[in-house]
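Report on the following structure.
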Amino acid sequence: MAAAAAASSAMEKKAGGGGVLMRRYEMGRLLGQGTFAKVFYARNLGTGQSVAIKVIDKEKVLRVGMIEQIKREISVMRLVRHPNVVQLYEVMASKTKIYFAMEYVRGGELFSKIARGRLKEDVARRYFQQLISAVDFCHSRGVYHRDLKPENLLLDENGDLKVTDFGLSALADTRRRDGLLHTTCGTPAYVAPEVITKHGYDGSKADIWSCGVILFVLLAGFLPFRDSNLIEMYRRIAKADFRCPNWFPSEVRKLISRLLDPNPSSRITIPKLLESPWFKKGFKPVVADQDSYRVPADVDAAFAGATTPGKPTSLNAFDIISLSRGFNLSGLFEGCGQTAAPEARFTTQKPAAAIVSRLEEIAETGSFSVRKKDGKVNLQGKKEGRKGQLGIGAEIFEVTPSFHVVEVKKTAGDTLEYQQFCNQGLKPSLQDIIWTWQQGEEQQNFSGKFSGEFSVSSTTAGTSPPIAAPSG
């Protein structure tokens, strides 16, 4: 057993630098890397075919709770076999790594091409036609991409477009009873307005909006919604507040206005788009293979023996904005607000374990019992107060691995007693680990402290990183 483990470890070390992976792939140069994965060029020893091998670190994805996202990506890529979608050939796993053998696309990102300047109308139309062809097929298989942008569109050696990165995608069967998706995710400059409201959205209509932003960028060389302040940019998106450059033909202006319709009910659909005279010019429909690749159906096998440790909920930019009533974007759409329950928030640079440990200490000295689960700590008073026993819930949200937001709420008992506990017991006991503390009206400025952390370029087609939240 020890010898087998050592052999596996040696194989993994070699896999990134000219070694042979699973006796099937000769590994080559590094093509790119992210927080949780590296991508290498490789050659199939049996066929000589060039492939890209995505190497995912199991420990890292386990630690941040991304197992379900990786499983979903595998499931989705099995469903979408189309000439304009990057193909997944095989999934392999060792004790510490997961390997995706994928189609090798030589031409790089479409974003790099746009960064050199806007494209000619015919070139932009061809890429847009291929994008819509791929997205239409994905939707027909019940797959919604949810992070369409030029960085996720690759070009092959023939100049054909390939959609990639289905890490934030959703399947139709993850919709709730209302038939909508509810996860707020995507890349800020490309996200549809209804996604921001957090009230549910149609995945196909949200993807169409993103395609509209991409078409604008292809023809203009810059984003339609540009503001250095993320919240102001969302306000522009909510109103579809953009202007087409004067070099856009009139039929393009009309088409983009229908793609970037802030009302999803009246936004153009793909069947209607396919009838557009501008879109139809030179369009050559492609025939997709309706069968899935022979990728192992049991995606759980790649995570055999893995267990997910309890961890705080991830907090993204959309959530940070919604923490403040003053910046609640739902008012832009509905014009209504709600009275919040008594609560306080604090930020800290301490790890989640240290925060939980400190709350336990406070509970012990303050005559509270403690219950913990998935980043939540519930304190239940042992003494009877004016309105029964005081109950307090503390939920820890991860902004980054080294930065957390803790939301404290009264769950039972008297509000005055809760406020006294916060001011005289909780806050003083946490003083040495608190970075900022907001309570009551102070919270209206809470998200403003973070606006600089999530700013976007106001002059180019560049974007902020995608914002992700777990589940559908």
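The values are calculated or read from the model by the stated rules, or taken from the named source; none is laboratory data. On a predicted model such as this, the values are computed, not experimentally measured, just so you know. Glycine gets a Cβ as well: all are built from the backbone with ideal geometry, and neighbour counts include every protein chain shown.
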Quick one: is Tyr89 at pLDDT 95 or above and under 30 Å from Gln130 (Cα atoms)? no
All-but-one check, Gly28 against (1) modelled with pLDDT of 85 or more; (2) over 25 Å from Asn152 (Cβ atoms); (3) more than 28 Å from the chain's Cα centre (by Cα); (4) surrounded by 14 or more Cβ atoms within 10 Å (Cβ to Cβ), failing number (2)
If I filter the range 153-167 for residues that are among the basic types (Lys, Arg), farther than 27 Å from Met22 by Cβ and in contact (Cβ under 8 Å) with a residue 40 or more places away in the chain, do I get at least one hit? no
Output the number of residues of the range 138-164 satisfying the condition of being assigned to a loop (DSSP other than H, G, I, E, B), farther than 14 Å from Glu109 by Cβ and in contact with an Asp or Glu (Cβ under 9 Å, 6 or more places away or on another chain). 3
Among (1) touching a strand residue (DSSP E or B) at 6+ places or on another chain (Cβ under 8 Å); (2) at pLDDT 75 or above; (3) surrounded by fewer than 19 Cβ atoms within 10 Å (Cβ to Cβ) - the single one Lys449 does not satisfy: (2)
Step by step: first the residues of the range 198-217, then only those that are of a type outside the set (Gly, Ala, Ser) and within 16 Å of the chain's Cα centre (by Cα), then the one that is farthest from Phe137 (Cα to Cα). Which residue is that? Lys198
Against the definition (within 22 Å of Val86 (Cβ to Cβ) and either modelled with pLDDT of 65 or more or of a type in the set (Gly, Ala, Ser) (or both)), how does Val299 come out, yes or no? no
Within the group Ala189, Ala206, which residue is in contact with a Ser or Thr (Cβ under 6 Å, 6 or more places away or on another chain) and either in the same structural domain as Leu154 (by TED's automatic domain parsing) or over 30 Å from Arg126 (Cβ atoms) (or both)? Ala189
Select from the range 154-164 the residues that are buried (at least 17 other Cβ atoms within 10 Å of the Cβ) and polar (S, T, N, Q) and list them in ascending order. Thr164
Positions within the range 426-435 being in a helix (DSSP H, G or I) and closer than 12 Å to Ala344 by Cβ, in sequence order: Leu426, Lys427, Leu430
Within the range 345-361, does at least one residue satisfy the condition of being of a type in the set (Val, Ile, Thr) and touching a His at 6+ places or on another chain (Cβ under 6 Å)? yes
Would you confirm, using the coordinates I've provided, whether Asp136 is acidic (Asp, Glu), out of contact with any helix residue (DSSP H, G or I) (no Cβ under 7 Å at 6 or more places or on another chain) and over 27 Å from Ser50 (Cα atoms)? no
Name the single residue, out of those in the range 242-265 being among the polar types (S, T, N, Q) and over 22 Å from Ile114 (Cβ atoms), that is surrounded by the most Cβ atoms within 10 Å (Cβ to Cβ). Asn263
Listed by first then second residue, the pairs whose first member lies in the range 98-114 and is in a loop (DSSP other than H, G, I, E, B), whose partner is of a type in the set (Lys, Arg) and surrounded by 17 or more Cβ atoms within 10 Å (Cβ to Cβ), with beta carbons under 9 Å and at least 6 positions apart or on separate chains, are Val105/Lys162; Gly107/Lys113; Gly107/Lys162
Residues located in the range 116-126, provided they are part of a helix (DSSP H, G or I) and in contact with a helix residue (DSSP H, G or I) (Cβ under 9 Å, 6 or more places away or on another chain): Glu121, Val123, Ala124, Arg125
On the basis of being within 30 Å of Glu59 (Cα to Cα) and outside the structural domain of Asp207 (by TED's automatic domain parsing), does Leu171 make the cut? no
Cβ-Cβ under 8 Å pairs, at least 6 apart or on other chains, the range 378-407 side farther than 11 Å from Lys350 by Cα and of a type in the set (S, T, N, Q), far side modelled with pLDDT of 80 or more and outside any strand (DSSP E or B): Gln389/Gly413
Quick test of your reading of the structure: Val135 fulfils all but one of (1) at pLDDT 95 or above; (2) surrounded by 21 or more Cβ atoms within 10 Å (Cβ to Cβ); (3) part of a loop (DSSP other than H, G, I, E, B). Name the failing condition by number. (3)
